[in-house]
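Here the structure is laid out as structure tokens; the discussion comes afterwards.
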Amino acid sequence: MFRALSYTALAVVLAAPAFASGAAVTCSKADAAKFQPQATLTANLAAQGLKVKKIKTESGCYEAYTVDKNGKKATLGFNAETLEPVANAEAGEGN
């Protein structure tokens with residue numbers, strides 16, 4: 001039960017910036033040269049206690065495959081230009 005609440009809280013914290021502006025964050029439409037370095041995203045996630053296994057770039061989004069300290073896997077999506085979390089981790093797929 002505690003574990004489920006912890007993951008829910010983490011999801012809310014990661015998604016909060018996306019909802020704060022009132023509009024859902026989407027993948028970047030900018031040129032890849034304007035994307036934030038993947039190392040920055042890795043460092044941000046590590047600071048939150050997540051180990052990054054892999055990051056893929058898809059249509060302006062970073063898709064981060066992570067594992068928490070309890071071994072729970074999660075796939076998280078971020079706008080590649082701003083590193084803001086996107087509501088759907090797979091937002092860049094199929095675009």
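The values are calculated or read from the model by the stated rules, or taken from the named source; none is laboratory data. Values in this document were obtained by computation on a predicted structure and should not be read as measured data. Positions of Cβ are backbone-derived with ideal geometry, glycine not excepted, and every protein chain shown enters the neighbour counts.
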Which residue is modelled with the lowest pLDDT, if the candidates are limited to the stretch 13-31 and must be out of contact with any Asp or Glu (no Cβ under 9 Å at 6 or more places or on another chain) and within 14 Å of residue 78 (Cα to Cα)? 19
Kindly list the number of the only condition in (1) at pLDDT below 95; (2) out of contact with any Gly (no Cβ under 8 Å at 6 or more places or on another chain); (3) among the charged types (D, E, K, R) that fails for residue 34. (1)
